[in-house]
Every structure is written in C-alpha cells, then in structure tokens.
Amino acid sequence: MTLTREPPRRQRLEPYLFVLPAVFFVIGILGYGVFSGTLMSLFRVDLRYAETPFVWLDNYRMLLSDGGFQNSFVRTLVFVAGSVGIGFLLALLFSLAIFRCRRSAHFFKALTLVPFLVSGIATAVIFRFLFGGAAGVINHVLDMVGVERILFLAHPDLALLVTILAQVWTIFPLAALLLHAGLLSIDPDLFDAAKVDGASAFYVFLRIMMPIIAPMIGVSLMWLSFASFNVFDITLALTGGGPGRATEVLAVYMYNVGFRQLRYSLGSSVMVIILMLNVVVSMALLRLFKR
Amino acid sequence: MKNRAILLFVVFTLLAPSLFAAGARQSDEQVTVTVWFGREDFIPRDRFAALSERYPHITVQAEVVPLEDAATEFMRYHAAGLGPDVFQTFQTMVEVLDGRNMLYDMSSYFDQWYQEDPEDFNDLIPIALDAATTSRGRIVGINMVGGALGMVYRKDWFDRLGLSAPLTQDDVINAGIRLRDSGLLSPAQGQYPIALIGGRQPSEIWIKDRFWLLGGSHTDSGLPIIDSDAGVQLIEFYQTVMRERLVDPEVIAWGAGQKRGAFIGGSAAMIEGIGWHVMTAMQQELQYRVNWAVVPAGSPYREGAKDEASLYMDTYPYYVSSNTQHPEAVLRVLQYLADSEISKEVGLRYQPAARLSFMQDSEVLQRSPWIADMIDAAMISQVPPIHARQDEVHVILIDMMQEALQNPNADPGQMAAKYQRRLNALD
C-alpha cells in the first residue's frame with residue numbers, strides 16, 4: 001500500500017488560476033453574446049420601432065411558419081450533411097496519405113493547411129473562377145473535350161453542390177490534421193504485431209486505426225459540422241443565397257433578416273436555433289465517439 | 001416709475017458687456033462637427049481646408065463608415081447620445097430614422113442658405129433636397145449625388161445592323177433578337193445581346209428602375225403595384241430575355257460586376273441602370289458616341305405608355321443627427337460639401353454632383369460627354385417611394401425576378417398576383 005500525500009491547496013488551485021483568464025474571456029465575449037442574443041430573441045427588437053416589447057416565443061413561432069426559414073433549415077441540413085460527408089472522407093484520405101509519407105511529411109502537412117488559411121471571400125472568388133460562366137475553368141475544360149457548358153451557378157442543386165465543395169475545400173485541412181495527429185499517437189508496435197499476424201491493410205485500418213483515433217474522428221466531425229452550420233462568407237460571396245433561395249443557409253438567412261431587414265430579434269432567434277443545432281450535433285458526436 | 005427706469009438702465013448697463021461677450025463667444029466658440037462619409041472617395045481632396053479658412057471656429061472630424069452600415073451604426077450611437085453630427089447613408093433609411101426622431105429638421109437653416117445666396121441654392125438640382133425631405137416635410141440633410149441611371153448600348157454594333165437607339169421595351173427585345181441572329185455575338189464566347197443583374201446580391205435598384213420606366217406605380221404606403229400592366233411587363237421582360245436566349249443563361253447568378261464587365265469587355269450590347277461613375281470607367285475602354293451611347297431620358301418605356309414612365313434615383317444623402325448641438329456649424333459643413341468647386345472635385349473624381357452648373361461645366365462635359373445627354377434625366381429624376389419595411393420589399397422583388405428568370409414560360413399575370421399578395425402582407 002502506497003500513501004500518496006495530497007498536494008497543498010494552493011498547488012491544487014494553480015491550474016484553475018491559469019485557466020481563469022481564458023474562462024473570463026470566453027464568458028465575456030461568447031457568453032455575453034449568447035446570453036444577450038437569447039434574451040433579445042424573446043423581445044421584439046426591430047430598429048424601425050422604438051418600443052421593444054416582450055413577446056415570449058413569438059419570434060420562434062414566426063420563424064417556424066415562415067417559408068423562407070423552412071427552406072433555409074432544410075438547405076442547411078443538406079449543406080451540412082454534404083460538407084461533413086465529403087469533408088471527412090477527404091480529411092481521412094489526406095491524413096492517411098500524409099501518415100504514409102516517409103519523407104517531406106512536414107511539407108505536405110503545411111501544404112494541406114493552405115486552403116484553411118485562405119479567407120472565405122477569396123475561396124468564393126476562386127470557386128467563381130472555377131465554376132462560373134462560360135469562361136469558368138471547368139466549363140472551359142469541358143468545352144475543350146466537346147461537352148456542353150454546365151450552368152453550375154444557375155441550377156439550384158448544382159449551385160448548392162458548388163457551395164458545398166467550396167466549403168469543404170476550406171474546412172477539411174484542419175480535420176485532416178486532427179486525424180493525422182490521432183494516427184501519430186498509435187503505438188507502431190501495434191502495426192508490427194498486426195503484420196506478424198497476417199492482418200490485411202484494410203483490417204488494420206478498420207480494427208486498429210479507426211478505434212484508436214475514434215476521439216479524433218469525433219473532434220474532426222465536430223469541427224466540420226460546426227464550421228458548416230455557421231458558414232456565411234463563402235455562400236454570400238459565391239451565390240448570395242441564390243439561385244432562387246437554393247443556397248440560402250441559416251447563417252445567410254440570419255444576416256438577411258437581422259442586418260438587411262433590421263429585425264434584430266428575429267435574427268437572434270435564428271442564432272439561437274443555429275447554436276442549438278451545433279450543441280445537439282456536437283453532443284451526439286462526443287457521445288458516439290467516446291472511447 | 002422713475003426709480004424703476006433707472007434701475008433697469010443700471011442693470012442693462014452692467015449686463016450688456018457680458019451679454020455681447022457671450023454672443024461673440026458663441027460665434028467664435030470652437031466647434032467640432034463629426035461627419036461619417038459612406039465612402040472614402042466622398043471626402044473632398046482639400047479635407048475641409050477651404051471650410052477652415054472661411055470658418056476658423058469649425059473643425060470637421062471626418063470618418064468613414066460604409067453606407068451599408070451607417071444607418072444601424074448611427075442608430076446605436078444615437079441611442080447612447082453619441083454619434084456623428086452628419087452621416088451619409090442610403091436614402092431608403094430616411095423614413096425609419098425620421099420616424100424615430102433621430103434626424104434634425106434643418107428646414108429653417110436651408111431657408112437661411114436661400115436668403116444668403118439664392119443663386120447658389122437654386123443651382124442645386126431638385127433631387128438634392130427631395131432625397132433628404134421626409135414624408136413629414138422636414139428637410140433633414142442634403143444629397144450631393146446627382147447622376148441619373150441610364151441604359152447604354154453598343155452604338156457601333158447597332159449602326160452596323162441599321163438599328164436605332166431602343167426607345168421602348170419592345171425595341172430592346174427586338175434589337176436583342178436581331179443582334180442574336182446577326183452572328184455578331186458568339187454565345188460560345190459568353191457574348192449575348194443583353195446583360196443584367198439576376199443574382200441575389202442587392203439588385204433591387206435595377207428592378208425598380210425598370211419597373212418605373214414601364215410606368216409602375218405605388219400604393220400610398222410605398223409598396224410597388226406589381227399586379228398591374230407595368231408589373232406584368234416587368235416579369236415578361238425577364239422571362240423573354242431568358243426564353244429568347246438574349247442573356248447569359250447563368251445571369252441568375254450575376255451581380256453588378258458581371259453586368260458591367262460584360263459590356264465593357266465586349267460581351268453584351270445593352271445594359272440598363274448604369275450610373276455615371278460606371279460610364280466613366282466605360283469611357284476608358286470604349287469611346288462615347290462612337291462605340292457606345294445612352295438612350296434618351298425616360299427610355300426604354302412601355303409601348304404606348306411613354307407618359308407613364310418615371311425616372312427615379314437612388315441617392316446617398318448627408319443626414320443631420322437630432323443629437324447635434326451645432327446646427328449652424330452643420331449648415332456650413334453641408335454648404336461646403338455642396339460648394340460648386342468642392343462638389344465638382346468630388347464629381348470629377350467619383351460621383352457626379354447634384355448641381356446644374358456641374359452638369360453644364362465645360363471641363364466636366366469634356367471629360368464626361370454623356371452627361372450632356374443625361375441632364376434631362378437628372379433634372380426629372382425623383383426620390384423613390386419608400387415603404388416602412390423597404391428591405392423586405394426588396395427581398396420580394398428579387399424573389400420575383402429570380403422566379404421569372406427560372407420560369408420563362410410561366411403565366412406572368414399569376415406570378416404578378418402571387419407577389420402582390422406577398423407585398424400587400426407587409427402593410
């Protein structure tokens with residue numbers, strides 16, 4: 001039996017003291033924003049009127065009965081599912097590829113990160129050059145091989161797909177690096193043991209790598225979904241929410257309602273809904289990938 | 001009685017010097033006027049040097065708050081008793097701001113301006129004050145942007161095909177079909193007869209511009225009456241240009257940049273709703289009256305409804321905050337911004353001035369020859385009617401335009417009725 005002496009009280013409190021400024025910072029900035037936004041969603045705050053009466057859940061009722069909001073909600077779910085699905089697949093492929101790189105791994109890691117460093121507006125411009133108009137790179141290539149021009153940004157479904165691709169391009173690098181960090185944490189002896197036992201590469205991937213990096217998978221999926229629920233700049237600059245309202249995801253809808261129509265409390269209600277979606281999905285992912 | 005008179009005399013004698021001193025102090029007191037400009041380019045190049053020379057006691061603190069953010073930022077600051085004395089924003093916000101008593105009634109100060117210098121005051125074109133006059137009749141600022149919107153066309157191409165300037169909407173469509181069939185334009189290279197904004201980026205100015213040219217009207221509350229001949233024609237226009245392949249098939253994703261770029265780059269023969277500052281950019285690539293020209297004021301109108309056509313102008317007036325403590329100094333600042341030399345300098349460099357003398361100035365006309373053809377348009381342009389929920393009106397108009405572009409064979413009458421119901425629900 002070993003007796004472990006409990007550290008003195010001051011030593012036990014030290015870590016919390018170091019964390020305290022960050023906690024204050026988060027509560028001060030994020031907490032205040034969320035709290036005041038949630039509170040605002042219970043009032044009618046409309047810059048056109050001086051009065052701000054308490055309206056309980058009227059803003060939410062109004063949203064749920066609004067065709068524009070319903071459309072944005074569905075579009076957002078499709079957008080997030082697409083971005084997370086494609087983004088995760090790409091991230092996994094890239095992380096495995098980098099993991100296999102014996103030489104220049106650092107170079108490729110840095111290279112993978114480049115799209116993440118490009119701003120949303122610049123990404124939108126790049127994708128407009130790629131997919132927009134007769135002179136767009138993709139259509140130019142298609143024209144060279146005799147394929148008729150595809151109206152990527154004029155077709156509702158294709159425009160949504162292009163927006164998803166633009167979003168994936170900018171968010172998957174961080175997910176790839178998270179997965180890569182998980183892969184690096186695997187004890188190399190496990191691979192050697194599996195090799196001795198004659199396990200196939202697919203078996204190693206499925207039975208050894210995936211379970212071990214499960215928490216990192218959870219974190220990268222959380223990042224991908226969080227970034228996709230909140231996407232605003234790429235969509236606004238690439239399609240403006242169109243054609244029709246095919247790419248008007250919730251964040252764009254929130255911007256239009258809150259900042260163009262000056263209906264602040266309605267915008268706040270959308271913010272609360274986006275926050276709830278983020279929280280629910282993140283909690284589900286944490287629970288699912290808890291080791 | 002005598003004693004009382006003596007007492008009054010003594011009191012007056014004692015107080016008079018201090019009263020005069022106070023009056024003198026008030027006029028000499030250093031005053032700082034804060035002005036929010038909507039764009040850096042609106043700030044005069046001399047940065048108020050001429051104003052300081054004439055009124056040494058006035059200091060101007062110039063800041064740039066984008067036009068798009070200025071109204072909401074102003075409301076926040078105003079609520080806290082802060083903010084600028086003068087700020088620049090879209091004219092569409094005036095009723096909202098005035099409804100909340102956030103703007104200062106400068107009417108009496110403009111009377112003072114007129115009394116002091118009637119010639120200078122009368123040189124302002126009507127939109128200068130109309131754009132800053134509220135529905136309550138209060139003059140709450142001044143607009144110094146005076147360029148009307150116009151439709152431009154490729155004159156060289158039209159001449160080659162023997163076409164004349166399109167005066168009606170039917171002319172526009174027919175000219176488009178002639179151009180399409182002429183072989184002059186190559187759709188494979190992205191060349192189409194007409195370029196327009198079909199995207200969701202704020203495009204309501206151009207929808208409204210066309211609506212008014214077609215003779216569109218409004219309800220008393222400022223809602224456009226879409227379920228009308230003009231409204232149906234507006235929808236038909238968007239449907240026809242798509243159906244007849246007169247525009248790029250991806251026009252539904254186009255913004256102002258693509259529209260202008262198509263014309264300047266030689267990929268379109270006609271574009272509407274062009275401001276004078278854009279024409280300046282055109283002039284660098286194409287020569288006016290040789291390669292391009294503007295259609296006469298009030299065109300293209302609806303066939304048989306020329307008299308119903310109206311011209312409206314979206315403006316960015318300078319508004320005066322009701323929080324200002326120095327309306328007299330504010331008047332001097334507004335006079336400075338409206339000064340013929342100062343506004344000419346800004347006008348030549350950026351956006352045209354709302355002054356008749358500017359539009360008739362030989363230097364201006366030499367540099368911008370199209371202005372001679374657009375003075376009429378500028379003089380008759382009006383302030384667009386504004387609904388209390390104007391931004392929601394805009395969203396509905398954009399939805400309507402995009403549905404028309406996506407459904408070129410749908411019944412325009414039914415579409416007009418559907419969107420009218422949505423508009424009416426805003427009242």
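The values are calculated or read from the model by the stated rules, or taken from the named source; none is laboratory data. Worth saying up front: this structure is predicted, and the values here are computed from it rather than measured. Positions of Cβ are backbone-derived with ideal geometry, glycine not excepted, and every protein chain shown enters the neighbour counts. For accessibility, only protein heavy atoms count, side chains too; no ligands or nucleic acids. Shrake-Rupley method; radii C 1.70, N 1.55, O 1.52, S 1.80 Å.
Of the DSSP beta bridges with both residues in the protein assembly as shown, give the percent that are antiparallel, rounding to the nearest 5.
About 55 percent, rounded to the nearest 5.
What residues have an amide H closer than 5 Å to that of B:TYR312, excluding those fewer than 5 places away on the same chain, when H is modeled at 1.01 Å from N in the peptide plane?
B:GLN382
Which is farthest toward the positive dipole end of the protein assembly as shown among A:ALA176, B:LEU348, B:GLN414, measuring Cα position about the Cα centre, with Cβ charges +1 (Lys, Arg) and -1 (Asp, Glu)?
A:ALA176
Which order do B:ASP156, B:ASP411 take by accessible area at a 1.4 Å probe, largest first?
In descending accessible area the options line up as B:ASP411, B:ASP156.
Please give the Cα centre distance for region A:1-51 versus region B:279-310, rounded to the nearest Å.
Using only Cα atoms to place each centre, the spacing works out to 60 Å.
Need the full-extension length gain, B:GLU285 to B:ASN122, defined as separation in residues times 0.36 nm minus the C-alpha distance. One decimal, nm.
55.1 nm
About its Cα centre, what dipole magnitude does chain A give when the only charges are +1 on Lys and Arg Cβ and -1 on Asp and Glu Cβ, stated in debye to the nearest 20?
Dipole magnitude for chain A comes out near 560 debye.
Report, in degrees rounded to the nearest 10, the 0 to 90 angle that the Cα long axis of helix B:169-182 makes with the longest principal axis of chain B.
The angle comes out at about 50 degrees.
Calculate the length of the line joining the C-alpha centroid of region B:29-108 to that of region B:142-156, in whole Å.
26 Å
Do any chymotrypsin sites (Phe, Trp or Tyr not before Pro) in region A:41-106 lie in a loop, going by DSSP, with at most 10 other beta-carbon atoms within 10 Å of their beta carbon, and if so which?
Passing sites in region A:41-106 are A:TRP56.
Please label the shape of the protein assembly as shown as rounded, prolate or oblate, based on the square roots a ≥ b ≥ c of the eigenvalues of the alpha-carbon gyration tensor (a/c under 1.5 means rounded; beyond that, a/b larger than b/c means prolate, else oblate).
Cα axes put the protein assembly as shown in the oblate bin.
Give me the accessible area of A:ILE212, 1.4 Å probe, in Å² rounded to the nearest 10.
50 Å²
What share of the DSSP beta bridges in chain B is antiparallel, in percent to the nearest 5?
Roughly 50 percent of the DSSP beta bridges within chain B come out antiparallel.
Please state the shape class of chain B: rounded when a/c is under 1.5, otherwise prolate if a/b exceeds b/c and oblate if not, all from the C-alpha gyration tensor.
prolate
With a sphere of radius 11 Å drawn around the Cβ of B:VAL278, what net charge do the other residues whose Cβ falls strictly inside it have (Lys, Arg +1; Asp, Glu -1)?
+2
Let's see if you can work this out: charge +1 on each Lys and Arg Cβ, -1 on each Asp and Glu Cβ, no other charges. What is the dipole magnitude of the protein assembly as shown about its Cα centre, in debye to the nearest 20?
3020 debye
Tell me, which longest segment in chain B has none of the GluC sites (Glu not before Pro) that fall in DSSP loops with at most 14 further Cβ atoms within 10 Å?
Looking at chain B, B:30-284 is the longest stretch - no exposed GluC sites (Glu not before Pro) with at most 14 other Cβ atoms within 10 Å.
Please give the net charge around A:ASN59, taking every other residue with its beta carbon less than 13 angstrom from that of A:ASN59, where Lys and Arg add +1 and Asp and Glu add -1.
Neighbourhood net charge equals 0.
Where the centre of each part is set by its Cα atoms, how far does region A:240-291 sit from region B:187-221, in angstrom?
A separation of 30 Å, based on Cα centres.
Which far-off residues, 5 or more places away or on another chain, put their amide H under 5 Å from the one on B:VAL64, with H placed in the peptide plane?
B:PHE37
Taking 41 Å as R0, compute the FRET efficiency from the Cβ-Cβ separation of B:ASN101 and A:SER119 and round it to 0.05.
My answer for the efficiency is 0.50.
Determine the share of region B:200-272's accessible area contributed by carbon and sulfur atoms, expressed in whole percent, with a 1.4 angstrom probe.
49 percent
Rounded, prolate or oblate: pick one for region A:183-291, where a ≥ b ≥ c are the square roots of the eigenvalues of its C-alpha gyration tensor, a/c under 1.5 means rounded, and failing that, prolate if a/b is larger than b/c, else oblate.
prolate
How far apart, in nanometres, would the label points at A:VAL196 and A:VAL74 be if each is projected 7 angstrom from Cα along the Cα-to-Cβ direction?
The modelled label-to-label distance comes out at 5.8 nm.
Under the 0.36 nm per residue contour assumption, what length would be gained going from the current alpha-carbon distance of B:GLN325 and B:ARG421 to full extension?
Contour length minus Cα-Cα distance gives 30.0 nm.
Between B:HIS277 and A:VAL141, what FRET efficiency follows from the Cβ-Cβ distance if R0 is 45 Å, with the result rounded to 0.05?
Efficiency, from the Cβ-Cβ distance: 0.75.
Taking a probe of 1.4 angstrom, what is the accessible area of A:TYR255 in Å², to the nearest 10?
Approximately 80 Å² for this residue.
What residues of region A:2-51 lose no less than 10 Å² of accessible area with every protein chain in place versus their chain by itself (probe 1.4 Å, heavy atoms only)?
Residues passing the criterion (a loss of at least 10 Å², heavy atoms only) are A:LEU47, A:ARG48, A:TYR49, A:ALA50.
Count of lysine pairs in chain B with Cα atoms under 19 Å apart, counting only pairs 8 or more residues apart in sequence or on different chains?
4
Can you pull the mean other chain C-beta count within 10 Å for peptide B:257-266?
Other-chain Cβ atoms within 10 Å of each residue's Cβ, averaged: 1.
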